[in-house]
Amino acid sequence: GVTKRTLVTALAVALRGEYEPGGPWLPHRLDRETAGLSIVALQRAAMVRFSEAFAAGRIRRFYSARVRGALAATPEWIDLRFGLRELAHKPKRMAIDQAGLPAHTRMRALASDGTTSEVRLEAVTGRQHQLRLHLSHIGHAILGDPLYDAQAQPGDTLQLVADELVLPAQVCLEREPRTIRLTPW
């Protein structure tokens, strides 16, 4: 009976009358602190189609992040595969646990100023806090992360943006695959 301040609630109010009963739906989610692209389905059939595509790994999700520490720029992707398990519920915290749910992140370092680095990330699996925890685990916490960056200060903004989705043609009901890119800054 409590109305929460969420993206779904805001969309339901803003798009009143433009979606099927029960909607709108988010076939995937971003952590509350993460900025960027999200898919919104206005029809139940579209929600099912997108949810199935996410679950099957047919939609690719890319992120830009600024992390602590210097990383040498490289054209190669580095695979991070660390299992995750829930550690606490309020606030939600996850931990690395090889016996936990499998999680796969691809990372590529783009540039460094000697203190921080800009990285490109692909969430191959889509576990909650996956990118944030994987980067923290390898010693390069995402700047401003209130849960996994020990140096974050109150009021800092998480430097993680979901800025590109690659959608296969059959999911979009179009003839060609589609790439949607957001340029946040």
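Give the residues of region 10-28 that are of a type outside the set (A, V, I, L, M) and open to solvent by 50 Å² or more (accessible area, probe 1.4 Å), sorted by residue number.
Those that are of a type outside the set (A, V, I, L, M) and open to solvent by 50 Å² or more (accessible area, probe 1.4 Å): R16, G17, E18, Y19, E20, P21, G22.
Which one of these is in contact (Cβ under 8 Å) with a residue 24 or more places away in the chain and in a helix (DSSP H, G or I): L30, L11? Spell out the reasoning first.
Numbers: L30 fails: in a helix (DSSP H, G or I).
Going through L30, L11 in turn, just one is in contact (Cβ under 8 Å) with a residue 24 or more places away in the chain and in a helix (DSSP H, G or I): L11.
Would you check which residues across region 81-96 are open to solvent by 60 Å² or more (accessible area, probe 1.4 Å), in a strand (DSSP E or B) and farther than 23 Å from E164 by Cβ and list them? Outline the logic, then answer.
Filtering region 81-96 down to residues open to solvent by 60 Å² or more (accessible area, probe 1.4 Å) leaves 81, 85-87, 89-91, 93.
Those left that are additionally in a strand (DSSP E or B): 81, 85-87, 93.
Across region 81-96, the qualifying residues are R85, E86, L87, R93.
Can you tell me which residue within region 130-155, out of those that are assigned to a loop (DSSP other than H, G, I, E, B) and of a type in the set (G, A, S), is most open to solvent (accessible area, probe 1.4 Å)?
Across region 130-155, the extreme among qualifying residues is A150.
Going through A99, A109 one at a time, which residue ends up being without any contact (Cβ under 8 Å) to a residue 60 or more places away in the chain, among the small types (G, A, S) and assigned to a strand (DSSP E or B)?
On the way: A99 fails: assigned to a strand (DSSP E or B).
Every option except A109 fails the conditions.
Do we have I78 as within 23 Å of L158 (Cβ to Cβ) and either open to solvent by less than 70 Å² (accessible area, probe 1.4 Å) or among the hydroxyl-bearing types (S, T, Y) (or both) here?
no
Filter region 29-64 for residues that are among the charged types (D, E, K, R) and surrounded by 19 or more Cβ atoms within 10 Å (Cβ to Cβ) and give the result. It would help to see each step written out before you state the result.
Within region 29-64, the subset among the charged types (D, E, K, R) is 29, 31-33, 44, 49, 52, 58, 60-61.
Result: R61, single match.
The values are calculated or read from the model by the stated rules, or taken from the named source; none is laboratory data. As the structure is a prediction and not an experimental result, all values here were calculated from the model. Cβ sites come from the backbone with ideal geometry, for glycine too, and all protein chains shown count toward neighbours. Side chains included, ligands, DNA and RNA excluded: accessible areas come from the protein's heavy atoms. Shrake-Rupley method; radii C 1.70, N 1.55, O 1.52, S 1.80 Å.
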